[in-house]
Amino acid sequence: MAEGYDFHSIEHKWQSHWEREGLYRATADGRPKFYALEMLPYPSGDLHVGHAKNYTLGDAIARMRRMLGYDVLHPMGWDAFGLPAENAAIARDIHPAAWTTENILNMRRQVRLMGTGYDWSREIATCEPEYYRWNQWLFIRLYEAGLAYKREAPVNWCPHDRTVLANEQVEDGRCWRCHHLVERRNLSQWFLRITDYADRLLDDLDKLDGWPERTRTMQRNWIGRSEGVEFSFEVEGVDATIDVFTTRVDTVYGVTFLAVAPEHPVVGALKAIVGPEKVAAIDDFAESVKSQSELERTSLAEKRGVFTGAYAMHPLTRRRVPIWVTSYVLADYGTGAVMGVPAHDERDFDFARKHGLPVVEVIVGPDAEAHGSLQQAFVDDGRLIASDDFNDMSSARARRAIAERLTEMRVGRVSINYRLRDWLISRQRYWGTPIPIVYCAQCGEVPVPDDQLPVVLPPNARFSGEGSPLASLPEFIETTCPRCGGPARRESDTMDTFFESSWYYLRYLDAHDDALPWARERADRWMNVDQYVGGAEHTVMHLLYSRFFYKFFHDRGWVAGHDEPFQNLFHQGMVLHNGEKMSKSRGNVIGIDETARKSGIDAMRLFLLYVTPPEETSDWTEDGITGRIRLLNRIWRACAPFFGERASTKTMPSASTSAGKALLRAVHVAAKSAIDETMSRRFHFNTTIARLDELVNALTAWASSAEDAEVVRYAVAALPILIAPFAPHIAEELWERAGHTESVHLQPYLQADERALTVDEITLVVQVNGKVRARLTVPVDIAEEDAVAMALRDPNVATHIDGKEIRKRIYVAGRLLNLVAA
């Protein structure tokens, strides 16, 4: 071998070559299409090997599909709006655009450094006006369809980031980004009516059999469809009713109080009919929960409440039911009121015990009687008691019968409720898409005309961290009404950044179209995304919102076919270091640049694909990366003696020796593994790389032999093709040095040949009294009697039997023979 494997020069050489040649541009050339996509990254600064796992896996899938004959679309872009850029502007006195651009430049360089085969001609950045113009265009279409609207509502407020959060962005009562406790405030906000699509979003999950079941279950639970009954309680002394929804109408005779949210509209009417002391108590209580987050009110905090002094009438018994204002009922969830049934609901039981409210048992087990004094709520179905006409009915039957009675009385109806609420998209920050609405004293709410889009972010905003920078900028806020020409004010809120990431996969199809966000014919060619790769943390935000948008697009005729954007979905696992998540604060980050200098990109890619199955969490280790470096050097040494020979894999040679047959088999076992893992969408390329290890072992052992020389040349010729999707740089170099002029990545992947996979001989393990005494090479279909005869002729087996009687033999065809001798 004239020289060793110099990964530094080789990797740089081919990255430049691929970019210069536009090797990975999608062509729409008539081959079957394959749209491969990884979730677009936020340009936060530096990438580490944990990020690389996502892009390496997606790249290996795209490369495999391309070599398997598909026309592959594999684009990349930047989810570039968001709070970190604005917070950086405040902390570092730098404009968010400058900070973001600097980060994009660095991360683009790092993504290219990883040897990824992206079509960079389709690159997008969501912070560019040419992109967010179409955010605004889509918002207006949603507005025209009645799916975008503004209303005052209690919202989630992050005091640290000083902005509103959607329900999906509150995790355990804290902001999903900065992890500060979230508060509740009443603000006038923009919403998207995602609830109009709740049934379709739920039902169509059954069609997504290419998604992880856990992800589908999480979306089902988030949408939270409940079938039950909605009915009314008349309020005593005032012309008002309180509506409640329940899935357990069979417990309605056990109602001993009503719980309403402090923000419920009926509270104002109640205050008009009760004394001043009660009014003061209600107001004080409402003020005390005003700043609490939803989680604090519903889950973490003690269940608090005050009696209003007012009563409602039970619709079936006509008994008076006290009305309480409570912390754990939210005005914007369900009806904003719930019926309190302490005997059959744990939360109601705790609340009733604390406040001395009656506990009336109306459900018992099938063969039980009333307990008289319950020690805990009985929450199961059972048999009704103390329920008038419905006594002795089962819970299931009673639910139907009581629903019918309430419907006949015209005070109730069978209803469906959802946990899902409309998507709050207003943000009181600068670095996002301006909402294209103006407010005119004469015309009211007016959308900005399409020919005046985009509404561009002003470059001279000031960043203090106090409120919305746009709201304090007269030159942005003050405008003219597009309808009447009079003075008007612009909306100062910007959109939730999940808005732009809910449709970006369509912009890739037509990234520079000035007339439309995408052309229908491009969508007809490329949609739906065939394989989407990204983190499971986006299950109930990005993935749900994208499904909502795509269904709206489908309804408008802008896309055709299946009304789901992502046909198949894969969640990659994390990469830890020293058992912990990588972070700068822990000092355990393994950077891309550092790894490229020290170990090489191909070694990094092989490690990330090999260390565990891709959906599992893995740990970065020096031993692991060193092992992959050794494999690459062994591949180089095995191929180097054949540089310039330009051997072909078109025809598989015949092997005359068992070692030659084993080498051919190793080639085709590796090929079969790669294809099977790709086409099954398991993507356990760790098993494929293990097969490549075995192939290199066989090749190294056999390469110096004069026997079956054509088999060795065939294996060497196949090796660059086999490793190309996983270690693209060394594969390209080996292919060129073999004498080829066209890229290895444009070659068809080696198809497994059944003739090579067929095994003529196997290794039979022979035991004597349970201990291994021989390993025999035998025909694959050897009969038991022949196996025993061969075993007895083996000197080591004969020594351990030593004239003893064989009392029993255990034969597992193709694997094991155990002789029991005494």
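When ARG66, ARG20 are compared by accessible area of protein heavy atoms, the largest-first order is ARG20, ARG66, using a 1.4 Å probe. For segment 276-430, a simple Cβ point-charge model (Lys and Arg +1, Asp and Glu -1, everything else neutral) yields a dipole of about 560 debye relative to the Cα centre. Both numbers refer to the Cα atoms of segment 561-684; Rg and Dmax are 19.4, 60 Å. Computed over protein heavy atoms with a 1.4 angstrom probe, the accessible surface ordering of MET67, MET218, MET652, largest first, is MET218, MET652, MET67. The residues of the chain expose, per residue, 42 Å² of accessible area to a 1.4 Å probe. Only Cα pairs under 8 Å and 6+ residues apart enter the sum, and on that basis the relative contact order of segment 488-634 stands at 20 percent.
Using 19 Å as the Cα-Cα cut-off, could you pick out the over-long pairs in LYS13/LYS53; LYS207/LYS551; LYS33/LYS53? Going by Cα-Cα distance, LYS13/LYS53; LYS33/LYS53 fall outside the 19 Å limit.
Look at the dipole of segment 324-451 built from charges on Cβ: of GLN442, VAL360, HIS344, the Cα furthest out on the positive end belongs to GLN442.
Label separation (HIS562 vs ARG25): 3.0 nm, computed from points 7 Å beyond Cα along the C-beta direction. Among residues other than PRO434 with Cβ under 9 Å from its Cβ, the summed charge is -1 (Lys and Arg +1, Asp and Glu -1). With only the Cα atoms considered, segment 305-426 has a convex hull volume of 146 Å³ per residue. For segment 477-487, backbone phi angles converted through the Karplus equation (6.51, -1.76, 1.60; θ = phi - 60°) give residue-by-residue couplings of 5, 7, 8, 10, 6, x, 9, 10, x, x, x Hz, Gly and Pro being listed as x. What percent do you get for the relative contact order of segment 403-513 when only Cα pairs under 8 Å and 6+ apart count? Answer for segment 403-513 is 32 percent. Residues whose amide H falls under 5 Å from that of PHE726, counting only those 5 or more places apart or on a different chain, are absent, with hydrogens built in the peptide plane.
Using a probe radius of 1.4 angstrom, the carbon and sulfur fraction of the accessible surface of segment 243-324 is 51%.
The translational diffusion coefficient of segment 1-120, from Stokes-Einstein at 20 °C and 1.002 mPa s with a Kirkwood hydrodynamic radius over alpha carbon pairs, comes to 132 µm²/s.
Counting only heavy atoms of the protein chains and using a 1.4 Å probe, TYR55 has close to 10 Å² of accessible surface. Taking every alpha-carbon pair under 8 Å whose residues sit at least 6 apart, the chain reaches a relative contact order of 14 percent. With R₀ fixed at 35 Å, the C-beta to C-beta distance from ASN578 to CYS178 puts the FRET efficiency at about 0.85. Using alpha carbons only, how many angstrom separate the centre of segment 792-816 from the centre of segment 474-504? If we compute the Cα centre of each part, the gap is 86 Å. In plain terms, the chain from LEU816 to ASP46 could stretch by 271.8 nm, reckoned as 0.36 nm per residue minus the Cα-Cα distance. Over all Cα atoms in segment 152-203, the spread is summed up by Rg and Dmax: 12.7, 38 Å.
Split the accessible area of segment 375-429 by element, probe 1.4 Å, and carbon with sulfur accounts for 44%.
Take TYR42: with every protein chain present and a 1.4 Å probe, its accessible area is about 50 Å².
Would you work out which of ALA52, HIS74, ASN568 lies farthest towards the positive end of the dipole of the chain? Charges go on Cβ: Lys and Arg +1, Asp and Glu -1. Going by the charge dipole, the pick is ALA52. Around the amide H of LEU73, modelled in the peptide plane, lie the amide H atoms of PHE34, TYR35, ALA36, all under 5 Å away and 5 or more residues distant in sequence or on another chain.
A Förster distance of 30 Å, applied to the separation of the beta-carbon atoms of VAL456 and LYS207, puts the FRET efficiency at 0.15. Its Kirkwood hydrodynamic radius, worked out from the mean inverse distance over all distinct Cα pairs, puts the chain at 31.7 Å.
Note on segment 480-599: with neighbouring protein chains present and a 1.4 Å probe, carbon and sulfur make up 47 percent of its accessible heavy-atom surface. For segment 413-469, evaluate the Debye formula with one uniform point scatterer on each Cα (no solvent term) and list log10 I(q)/I(0) at q = 0.14 Å⁻¹, rounded to two decimals. Per q value, in the given order, log10 I(q)/I(0) is -0.63.
The values are calculated or read from the model by the stated rules, or taken from the named source; none is laboratory data. On a predicted model such as this, the values are computed, not experimentally measured, just so you know. Glycine gets a Cβ as well: all are built from the backbone with ideal geometry, and neighbour counts include every protein chain shown. Remember, those area values only see protein heavy atoms, side chains included, never the ligands or the DNA or RNA. Shrake-Rupley method; radii C 1.70, N 1.55, O 1.52, S 1.80 Å.
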